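A short write-up of the structure that comes next.
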Amino acid sequence: MVVLVKVLVTCAKFCCPAASLLLSASTSRARALPGGPLLRRRTSKVSLRSIAMATTQASDAAADKGLPLAVDATMADEYASQSKLLQEFVKIPTIGKAWIFNSKDDDMSKAVVSIGQTDLLANKRRQFLLNSHISKSPKSVDFKWSPFPTEISGASAVIPSPSGEKLLLVRNSEDDSPTKLEIWGPCQLENEIHIAKSVHGSLYTDEWFGGISWNQEETFIAYVAEEPPQPKPVFNDYGFKKEGSSEKDCKSWKGQGDWEETWGETYSKKRIPALFVVNISSGEVRPVKQIPRSLSVGQVIWAPSSSYSLVFVAWSSDNGFQETPRKLGIKYCYNRPCALYAAPDPFREEAEKSSTEGNKSETTTMIKLTGDLISAFFPRFSPDGKYLVFISAKSAVDSGAHNATNSMHRIEWPADGNLDGSLGIADVVAVVMCPKDNCFPGLYCFGLLRDPWLTDGQTMIISSVWGSREVILSVNVVSCEVSRVSPQDSDYSWNVLAVDKNNILAVSSSLITLPQMYYAIKVPQTESNWEWQEVSTPFPKPSDKISSILAEHKFSILKIPISNPSDKLANGAKLPFEAIFVSHKDSASNPTIVVLHGGPHSVYPSSYSKSLAFLFSQGYNLLVVNYRGSLGFGEEALQSLPGNIGSQDVNDVLTALDLVIKRGLIDPSRVAVVGGSHGGFLTTHLIGQAPDTFVAAAARNPVCNLSLMVGTSDIPDWCFVEIYGKEGKKYFSESPSVDDICQFHQKSPISHISEVKTPTLFLLGAQDLRVPVSNGLQYARALKERGIESKTIIFPEDIHGIDKPQSDFESFLNIGVWFKKHMSK
């Protein structure tokens, strides 16, 4: 399910005397789980109906006062004040990508940093480029920034050339007009290439299929784009229009033709990704023709001198039951089999054909590079062209979990470019099953820099996850040594932006600290080998109010021991998991929001989140739980969750809550919960299994009924794997049995609907293919049927992440107001 979905929670008081059933902080909370009796607050049907009636009356009162339907008349002032504060958080710019280009002077280089800023009125994110000259001395660095950023308006992607002397701007069209590729030089537009829809559609610019790569000579660009539209049947007054007749007849129309499956969430309106090369001088575009339509390509890079100039990733469409043709959702899903392939550059191939005309020569065909390895992506060549290095999610493919611990591998690239022989694959970083205390927990990689190499040509700098932190690692692909580069004693999260020869540009942040750029200078023969320096930037400082709020808070990462570990558990699954606790420095009595990530195989890192900052700015503690099954804790802990969702993860959340209660860190009578996707699954499970624990709840696109989801989701296999564990891969079918449906219902939150008493807010994306809107709607209607207060907001154009700027804003504003409303009772 969704990976890294930023979903939150809040707290509030119970609105009736039954709140006294909550036990004090020094007493164990009773709950509907093994090891504790269920305390039930018996609320009469009369009182429940009274709550529902009061909600209706509040809506009527709002309408009478001329307020929008969604605004409770009693909370209008709260909407106004919270929306003003949230806008201040939204205005803060974000740091995106960065590129560093070397000069002839070893002590000088040039940096380009992309900056994003949300434009709520236009409902989009604006993108800017900021340039800087970097001056280096042995122990210090100085950044001289340009006085003003340059806005890149209407561009889908910005890709500098390897030297930094050229810049590609991609302008995808949303209609039938051509796609535009703009080639910029230092002072002028050098070429504008218009590519008709008959050649190909929009370029893929996402993190998965997206792949745009300059060759080293900066004369050609390889990229992935939608294949041209497939022919559709044409009809006119005489019936079916036969092939060869004009399509411009005003009395004819196009039919739909055969339906073709897509890759699900975010890709439902996209055609098959195909590979193309453009000559930036002439503007000529050629497809790479050897690739069958059964393969979807992405992540293309140029290979060293070889007949096979292009290396790319390809995913087969045969992902259904027993490898039948079926495209399952791929967004956030690393468990889709894929492999590395090589193919010739179509321009070079034609030139070679011309030079050998008259001689018998075989056409160079596409070749698979990774043999029987069932997962290979993010390919990178070492600077000398000797090694092809890549990441694998073999553990995810084998187990069926949508994400798991990665491994890294290398191929020795033949010096003569001859790929006819067998290519050996060597392990660089193996999967870590059970990490030792404070030791490397395994590789969790969401992307690689275009140029991640230090000057030795063997060491890569990458970002990964280490428990509840994002960290920067160095990986020597020859010695296979892995080292932590970001500060060892830091609970902040760190991400690499660019490599500057043997130095590193990075960004660091925490839940209470805005992102800040740092520059690391390699200092050999010291304890850490790296010296980090803060980079002075021209980014605008936040308002005094925001600065004060952040400064007033503190956070810590808590180790949560497992409660009553079973002997059947693997050793790694018996290790403590973690939770991040955010609180005000001077108050321990604030209400608490439990924050739950989706996935379930993702993680909520300690990095800054405007949404979480907005929530704790309202006077709440945050308890962000990375339950077992999260990334960053080793493979055994992760694989302990499939087959146990709805019990192990629920128990972990309540165990974390028990720990902060017993330590006297929170008031147990004022706890709320929020989560999205699988975090919404946990939210709705918790209010059913522990009905006296939470005063209010909010769920974004929650999984509430697996028996409904399995037939409507783009990832029905997820339901089988998370319910049955690894064995679920064998059971997966588009026609689940009655026993399967019963199992799905039994492990779903809706099976506990009769116990729920918590007022709950639902935020749903109408275009969600991952957890279709019917899941949340059914649960919300079932609550209303039982007289439980609830509120539902549907965003008509949003998908699973609800990440359009205006939708994201309205979503978290309503979460804040919802919790404040129920806290004041």
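Quick notes
- The residues on offer are Glu182, Glu192, and the sole one that is open to solvent by 40 Å² or more (accessible area, probe 1.4 Å), modelled with pLDDT of 95 or more and more than 22 Å from Trp315 (Cβ to Cβ) is Glu192.
- Filter pass, Ser114 being of a type in the set (Ser, Thr, Tyr) and loosely packed, with under 15 Cβ neighbours inside 10 Å: no
- Failed criterion for Ser355 (all others in (1) modelled with pLDDT of 95 or more; (2) open to solvent by 70 Å² or more (accessible area, probe 1.4 Å); (3) among the hydroxyl-bearing types (Ser, Thr, Tyr) hold): (1)
- The stretch 112-163: number of residues that are free of Cβ contacts under 8 Å to residues at least 60 places away in the same chain and among the charged types (D, E, K, R): 4
- The set of residues from the stretch 596-623 being part of a loop (DSSP other than H, G, I, E, B), under 18 Å from Ser824 (Cβ atoms) and either open to solvent by 10 Å² or more (accessible area, probe 1.4 Å) or of a type in the set (S, T, N, Q) (or both) comprises Ser617, Gln618, Gly619.
For every residue, the table says whether it meets (1) within 19 Å of Leu388 (Cβ to Cβ); (2) buried (at least 22 other Cβ atoms within 10 Å of the Cβ).
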residue	(1), (2)
Pro292	no, no
Gln299	yes, yes
Val313	yes, yes
Pro325	no, no
Lys331	no, yes
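- Summed over the stretch 160-176, residues that are open to solvent by 30 Å² or more (accessible area, probe 1.4 Å) and either within 18 Å of Gln127 (Cβ to Cβ) or assigned to a strand (DSSP E or B) (or both) total 4.
- The residue that is nearest to Trp532 (Cα to Cα), among those in the stretch 130-148 that are open to solvent by 100 Å² or more (accessible area, probe 1.4 Å) and of a type in the set (Lys, Arg), is Lys139.
- Per this entry, Ser811 is not counted among residues that are surrounded by fewer than 21 Cβ atoms within 10 Å (Cβ to Cβ), within 18 Å of Asn701 (Cα to Cα), touching a residue at least 60 places away in the same chain (Cβ under 8 Å) and among the polar types (S, T, N, Q).
- Total residues in the stretch 667-687, condition surrounded by 24 or more Cβ atoms within 10 Å (Cβ to Cβ) and outside any strand (DSSP E or B): 12
- Strands (runs of 3 or more DSSP E) fully within the stretch 469-570 that include at least 1 residues being open to solvent by 30 Å² or more (accessible area, probe 1.4 Å): 469-476, 482-484, 493-500, 513-522, 530-534, 553-560.
- A count restricted to the stretch 415-432 and to residues that are part of a loop (DSSP other than H, G, I, E, B), more than 29 Å from Ala506 (Cα to Cα) and open to solvent by 30 Å² or more (accessible area, probe 1.4 Å) stands at 8.
- Single unsatisfied condition, Thr219 versus (1) among the hydroxyl-bearing types (Ser, Thr, Tyr); (2) farther than 28 Å from Ser156 by Cα; (3) modelled with pLDDT of 95 or more: (2)
- Beta carbons closer than 6 Å, at least 6 apart along the sequence or on distinct chains, pair a first residue in the stretch 651-679 that is touching a residue at least 60 places away in the same chain (Cβ under 8 Å) with a second that is open to solvent by 10 Å² or more (accessible area, probe 1.4 Å) and among the small types (Gly, Ala, Ser) for Thr655/Ser563; Ile661/Ala25; Gly664/Ala25; Asp667/Ser589; Pro668/Ala25; Ser669/Ala19.
The values are calculated or read from the model by the stated rules, or taken from the named source; none is laboratory data. Computed from a predicted model, the values in this text were never measured in an experiment. Neighbour counts are summed over all protein chains in view; Cβ atoms, including those assigned to glycine, are modelled from backbone coordinates with ideal geometry. Areas reflect the complete protein model, heavy atoms only, side chains present, ligands, DNA and RNA absent. Shrake-Rupley method; radii C 1.70, N 1.55, O 1.52, S 1.80 Å.
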